[in-house]
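Right, one structure below, let's go through it.
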Amino acid sequence: MMKLTRPKRPGYLDNYKKWGREYNEKRKEGLKPKWHKKIKQWEQLKRDLAKLTLDHCSFCDSYPLVAKNKQTVEHFKPRSKYPKLTYVWHNLFLSCETCQKAKGDNFNKKLLKPDAIEYDFNRYFIMNFKTGKIEVNIRASQEEQERAKITIAMYGLNHFDRPKARSDYYKWLKNQIRKQKIKINQDKETLFYRFMFFFKLNLLSTEAQINRYLTTKGPPFGFF
């Protein structure tokens, strides 16, 4: 889960409070309104959220969100429990279907939010490159470790074939670098699972240093 820097609310969501109240009233009446019908600029909203994540999923960082991993809009605090927040800009995230279905209508106040000021992947998590699993950072505080566990579980970050996909991708990327088919400084924003690489890559200054590190020294973080 990459850290996101969210821009100010777009003007087409200026009526978010009014729309939220109306949505809440309809829910109280037992209706199931289609929330996105209120937003005439629905496609623009998806484009704006995609711009925020560079077309990656906000939670698992899969890329690009097309075909079998269809692009969806996720409510961090679910509409079913927080109907008045349905149109709040800071509650909307671009998501893949896998993450959205895993979370469903669940919510926990300790769930990590990728656009929170204090959020940083390496503060809460470490990457196990042998297994492909996202693990809790044992150097984090007990509170931070609990939040990391909740986030991994709620978005199913280690469920299904996700760990294998990350491990396979890491091996593939190293091979592409050896063949000089990928230049990591130029292509890093189009990588899958950017959180696996950015911490260490940001400390290395040249393309040669980065390529040598990835292809000869193993995992970027040196944990394993």
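The values are calculated or read from the model by the stated rules, or taken from the named source; none is laboratory data. Just so you know, these numbers come straight off a predicted model, no measurement behind them. Every residue, glycine as well, gets a Cβ built from its backbone with ideal geometry; the counts of neighbours run over all protein chains shown.
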Failed item in (1) among the hydrophobic types (A, V, I, L, M, F, W, C); (2) more than 21 Å from the chain's Cα centre (by Cα); (3) part of a loop (DSSP other than H, G, I, E, B), with Trp19 passing the rest: (3)
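Pick from segment 89-139 the residues that are among the polar types (S, T, N, Q) and not in a helix (DSSP H, G or I): which of them is surrounded by the fewest Cβ atoms within 10 Å (Cβ to Cβ)?
So the first thing to find is which residues in segment 89-139 are among the polar types (S, T, N, Q), and the list is 91, 95, 98, 100, 106, 108, 122, 128, 131, 137.
Then keep just the ones that are not in a helix (DSSP H, G or I); that gives 95, 106, 108, 128, 131, 137.
Details: Ser95: 28, Asn106: 14, Asn108: 12, Asn128: 18, Thr131: 14, Asn137: 16.
It comes out as Asn108.
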Tally of residues being in contact (Cβ under 8 Å) with a residue 40 or more places away in the chain and either loosely packed, with under 11 Cβ neighbours inside 10 Å or not charged (D, E, K, R) (or both) across segment 38-49: 3
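For segment 140-170, how many residues meet the condition of being assigned to a loop (DSSP other than H, G, I, E, B) and either surrounded by fewer than 16 Cβ atoms within 10 Å (Cβ to Cβ) or hydroxyl-bearing (Ser, Thr, Tyr) (or both)?
To start, the set of residues in segment 140-170 that are assigned to a loop (DSSP other than H, G, I, E, B) comprises 140-141, 155-161.
Keeping just the survivors that are either surrounded by fewer than 16 Cβ atoms within 10 Å (Cβ to Cβ) or hydroxyl-bearing (Ser, Thr, Tyr) (or both) gives 141, 155, 159-161.
Residues in segment 140-170 being assigned to a loop (DSSP other than H, G, I, E, B) and either surrounded by fewer than 16 Cβ atoms within 10 Å (Cβ to Cβ) or hydroxyl-bearing (Ser, Thr, Tyr) (or both): 5 in total.
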Any hit, segment 53-73, residues being in contact with a Pro (Cβ under 7 Å, 6 or more places away or on another chain), among the small types (Gly, Ala, Ser), assigned by TED's automatic domain parsing to the domain that holds Trp89 and not in a helix (DSSP H, G or I): yes
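This table checks each residue for (1) surrounded by fewer than 18 Cβ atoms within 10 Å (Cβ to Cβ); (2) in contact with a Phe, Trp or Tyr (Cβ under 6 Å, 6 or more places away or on another chain).
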site: Gly11; (1), (2): yes, no
site: Asn15; (1), (2): yes, no
site: Leu31; (1), (2): yes, no
site: His36; (1), (2): yes, yes
site: His75; (1), (2): no, no
Among the candidates Leu94, Leu85, Leu54, Leu4, residue that is within 27 Å of Ile150 (Cβ to Cβ), without any contact (Cβ under 8 Å) to a residue 60 or more places away in the chain and among the aliphatic types (A, V, I, L, M): Leu94
The one condition in (1) over 21 Å from Glu43 (Cα atoms); (2) over 15 Å from the mean Cα position of the chain (by Cα) that Trp89 fails to fulfil: (1)
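I'd like to verify a number: residues in segment 98-129 that are touching a residue at least 60 places away in the same chain (Cβ under 8 Å), among the charged types (D, E, K, R) and in contact with a helix residue (DSSP H, G or I) (Cβ under 8 Å, 6 or more places away or on another chain), how many? Even if it seems obvious, please write down each step before you answer.
As a first pass, look at segment 98-129 and keep what is touching a residue at least 60 places away in the same chain (Cβ under 8 Å): 98, 112, 114-115, 119-122, 125-129.
Narrowing further to those that are among the charged types (D, E, K, R): 115, 120.
Those left that are additionally in contact with a helix residue (DSSP H, G or I) (Cβ under 8 Å, 6 or more places away or on another chain): 115.
Matching residues across segment 98-129 total 1.
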Any chance Leu52 is modelled with pLDDT of 95 or more and buried (at least 16 other Cβ atoms within 10 Å of the Cβ): no
